[in-house]
């Protein structure tokens, strides 16, 4: 008992230190964004602002025609939400097909799909750009929304969850006259909602934070999402760290709120067999 209590104390202390190390830079950035540029440069190392100001946010949001962060923010929302919806549709249908439908070469095709994960995604950049150019999607938000909709890891994750749902549910529905789409929509889809929430969380965050691909396929400043836009902002305000920090914090808000409200579903889906117990 004493050994168990000691272990818990050590684990709690370690996790507390990790939490402090993680949250301290964020708090530093938040307080820095409310300091004037003069205070940041001349006040030395100070955690809290001496004089609180929203000038950095005002300059960034309302007096910055060359770095339209509101437009970038809107573009990121369109990209992230559109990509997430597309991912949920494609992944859920693919997972259902790989678990419930019987067709020749199904297992081989899935193994081949998993094998594609061995290749780094960077090798796809040139062929993917060529495809986007052929479709006429270069410098179009569709070029950022559509690619990656059939993510192999997401399909694998949802497939493992569906495997934990007894097939007796399907058989009972077929006896009652349900077709494949009705089985998927009325039975499977509600049961896999927890894992789809996690997939949505990962997809939204990945699309929101993506930097490399949007920087390649989008060349109009007005069409950039916020992550590559922050790179331009950093170059423009290199000597103004307060404004740069304010921009980074604005970009952080949606993903933070998403994790905050979706954490219970994230914990629920940690067990891939938690959908239904047979």
- Note on the structure: Filtering the stretch 128-146 down to residues that are part of a helix (DSSP H, G or I) and either touching a helix residue (DSSP H, G or I) at 6+ places or on another chain (Cβ under 7 Å) or not assigned by TED's automatic domain parsing to the domain that holds residue 87 (or both) yields 129, 132, 143, 144, 145
- For residue 129, indicate whether it is modelled with pLDDT of 90 or more and either in contact with a strand residue (DSSP E or B) (Cβ under 7 Å, 6 or more places away or on another chain) or within 20 Å of residue 224 (Cα to Cα) (or both). yes
- Task: Sort out which residues of the stretch 235-278 are over 18 Å from the mean Cα position of the chain (by Cα) and at pLDDT 65 or above, and write them in order of number.
- Result: 235, 236, 239, 240, 241, 242, 243, 244, 245, 246, 247
- Note on the structure: Among 201, 232, the single one that is part of a helix (DSSP H, G or I), touching a helix residue (DSSP H, G or I) at 6+ places or on another chain (Cβ under 8 Å) and at pLDDT 85 or above is 201
- Task: Evaluate the following for residue 149: is it in a helix (DSSP H, G or I) and either free of Cβ contacts under 8 Å to residues at least 40 places away in the same chain or in contact with a helix residue (DSSP H, G or I) (Cβ under 7 Å, 6 or more places away or on another chain) (or both)?
- Result: no
- Note on the structure: In the stretch 51-84, residues that are more than 16 Å from residue 247 (Cα to Cα) and either outside any helix (DSSP H, G or I) or in contact with a helix residue (DSSP H, G or I) (Cβ under 6 Å, 6 or more places away or on another chain) (or both) total 7
- What about residue 105, is it in the same structural domain as residue 253 (by TED's automatic domain parsing) and on the phi > 0 side of the Ramachandran plot? yes
- So which residues in the stretch 171-193 are assigned to a helix (DSSP H, G or I) and under 24 Å from residue 262 (Cα atoms), if there are any at all? 184, 185, 186, 187, 188, 189, 190, 191, 193
- Query: Would you call residue 196 buried (at least 20 other Cβ atoms within 10 Å of the Cβ), under 21 Å from residue 261 (Cβ atoms) and assigned by TED's automatic domain parsing to the domain that holds residue 119?
  - Reply: yes
- Task: State all residues of the stretch 10-46 that are closer than 16 Å to residue 243 by Cα, more than 29 Å from the chain's Cα centre (by Cα) and surrounded by 13 or more Cβ atoms within 10 Å (Cβ to Cβ); if no residue qualifies, say none.
- Result: 35, 36, 37, 39, 40, 41
- Might you check whether a residue that is assigned by TED's automatic domain parsing to the domain that holds residue 163, touching a helix residue (DSSP H, G or I) at 6+ places or on another chain (Cβ under 8 Å), part of a loop (DSSP other than H, G, I, E, B) and surrounded by fewer than 17 Cβ atoms within 10 Å (Cβ to Cβ) occurs anywhere in the stretch 93-102? yes
- Could you tell me whether the stretch 18-37 includes any residue that is out of contact with any helix residue (DSSP H, G or I) (no Cβ under 9 Å at 6 or more places or on another chain), at pLDDT below 85 and outside the structural domain of residue 228 (by TED's automatic domain parsing)? no
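The values are calculated or read from the model by the stated rules, or taken from the named source; none is laboratory data. All of these numbers come straight from a predicted model, not from anything done at the bench. Cβ: placed from backbone, ideal geometry, glycine included. Neighbour counts: every protein chain shown.
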